[in-house]
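Structure, as structure tokens:
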Amino acid sequence: MTLFKRAHRDEIAVVPMNTAHLDEVMSIESSVFPTPWSKSLYRSELEIPDTRIYLCLVERGRVIGYIGAMLVVDEVHITTIAVKESEQRRGIGKALLLHSLMIARSRGALAATLEVRVSSQGAHSLYHRFGFAPAGIRKNYYAEEHEDALIMWSHDLQGDEFNARLTTIASELKIQGLPLPTLSDNGS
């Protein structure tokens, strides 16, 4: 099962992250996060593809956003998501999250979780669209800024209601001209 088509250099596409993307990933990482992950951490994550999902959204051959996730038994934990500041509010994060959740579903994930800054209302709204709901607080999770994290969960990823959510989101992305996964290849 694949959710990816080979992209021409001038197209916008979601592709599996590889080491060739890391310089651009690190540039975005250091511009949007106060404590960026290291390139060596990304390399080590890419070396365990059976339990990791790392994707980049590329436009005209340049990385403009990326997402990372870890699969643990039947759950997927979104570990990172970032979009180049000049490209935010275009639906890039939505496209990346849709693709990663589709892959997680195809690998048997039943639930998804993530942490998000309590102050990041835009991100809360995005995650809510995917069925994520607040489940708790991690105190001082973002220690560099003394900010708490909101823990969010989305359940029943294999269910009809979640599939309907994904179909609606995919329709929105199509209108925005963003890349879509093949919804028939969702593993359910």
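The single condition among (1) modelled with pLDDT under 95; (2) small (Gly, Ala, Ser); (3) within 13 Å of Gly68 (Cα to Cα) that Ser44 does not satisfy is (1).
The numbered conditions (1) at negative phi; (2) more than 16 Å from the chain's Cα centre (by Cα); (3) surrounded by 13 or more Cβ atoms within 10 Å (Cβ to Cβ) are all true for Pro181 except (2).
Does Ile53 count as under 21 Å from Thr168 (Cα atoms) and either outside any loop (DSSP other than H, G, I, E, B) or among the acidic types (Asp, Glu) (or both)? Break it down into steps so the answer makes sense when it comes.
On the way: under 21 Å from Thr168 (Cα atoms): no; either outside any loop (DSSP other than H, G, I, E, B) or among the acidic types (Asp, Glu) (or both): yes.
So Ile53 fails the test.
Is it the case, given these coordinates, that Tyr42 is within 25 Å of Phe132 (Cα to Cα), buried (at least 16 other Cβ atoms within 10 Å of the Cβ) and aromatic (Phe, Trp, Tyr)? So Tyr42 fails the test. If the condition is being out of contact with any helix residue (DSSP H, G or I) (no Cβ under 7 Å at 6 or more places or on another chain) and farther than 14 Å from Tyr127 by Cα, then region 150-164 contributes Gly159, Asp160, Glu161, Asn163, Ala164.
The values are calculated or read from the model by the stated rules, or taken from the named source; none is laboratory data. All figures in this text were calculated on a predicted structure; none of them were measured in a lab. FYI the Cβ positions are ideal-geometry reconstructions off the backbone, even for glycines, and counts take in every protein chain you see.
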